[in-house]
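Quick notes on the structure that follows.
Just so it is clear, none of the values below were taken in a lab; they were calculated from the coordinates. This is a predicted model, so every value here is computed, not measured. Heads up, the Cβs are rebuilt from the backbone with ideal geometry, glycines too, and the neighbour counts pull from every protein chain shown.
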Amino acid sequence: MASESSTLPVKNLYNVEVFLCKMSYTYKAMITRSEAETIELGEKLGKILKKGSTVALKGDLAGGKTTFTKGIGKALNVKSVVNSPTFTILKIHEGDIPLYHIDAYRLENNSYDLGISEYEDEGIMVIEWPEYYEDFLPEEYLEVVFTYIDENTRQILFHPHGEYYEKIEREMTC
Ligand SMILES: Nc1ncnc2c1ncn2[C@@H]1O[C@H](COP(=O)(O)OP(=O)(O)OP(=O)(O)O)[C@@H](O)[C@H]1O
Ligand SMILES: [Mg+2]
């Protein structure tokens, strides 16, 4: 009998029930089983995001946030390397649309304005550790939550804030 495949497709979905204030919401979580699959998922998102979009990447250390951002960069034809150098909080990558990659981990709880709000409409903003950049998050954005399952497996959950991002969530999970 065949054992469970290690190459299940990215679109392998299951529902996650979240109970909040007595209301029940169902989100569709995705499972990726390699770095390449997470890049592929990021690329799919990058292809449907419009200028001015904001994506907030939350979750575990080594959960795949930077890896996913690489995929978004790929979709935007970014040529510079998408990574997270220890002391760089904002990296701007030129592409078909500029990618503003923020890794707020080092900001910790020190609210700090990176001064990019005036450029936001021109590009796509991707924020790792948005918990440390909360004061500057727009009202509407796509939250993506990464959970480390095992060495090669990650759960990725889309949580839209706002109508535009609800539409994107549906496109990503259908
Ligand atoms: N399914 C997977 N998806 C993404 N990365 C994976 C997967 N399986 C293994 N990996 C590995 O896990 C690591 C993910 O690192 P990455 O820098 O993307 O995480 P991160 O969430 O940005 O971490 P940090 O919180 O430190 O910024 C990489 O070394 C990658 O090769
Ligand atoms: Mg990272």
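With each label modelled as a point 7 angstrom along the Cα→C-beta vector, the CYS174-HIS161 pair spans 2.5 nm. When the alpha-carbon atoms of the range 92-174 are used, the pair Rg, Dmax equals 14.2, 40 angstrom.
Computed on the range 32-167, the Cα convex hull volume stands at 99 Å³ per residue. Take the Cβ atoms of LEU61 and GLU40, set R0 to 25 Å, and the FRET efficiency comes out at 0.70. Farthest towards the positive end of the charge dipole of the range 90-174, among the residues LEU157, PHE136, ILE116, is the Cα of LEU157, using unit charges on the Cβ of Lys, Arg, Asp and Glu.
From least to most packed, judged by other beta carbons within 10 angstrom and beginning with the fewest, LEU61, LEU142 follow the order LEU61, LEU142. Note on the range 138-165 and the range 24-96: Cα centroid distance 10 Å, given to the nearest whole angstrom.
With a cut-off of 8 Å between alpha carbons and a minimum separation of six or more residues, what is the relative contact order of the range 16-156 in percent?
It rounds to 31 percent for the range 16-156.
Taken along the Cα-to-beta-carbon direction at a fixed 7 Å, the label points for LEU90 and TYR148 span 2.9 nm.
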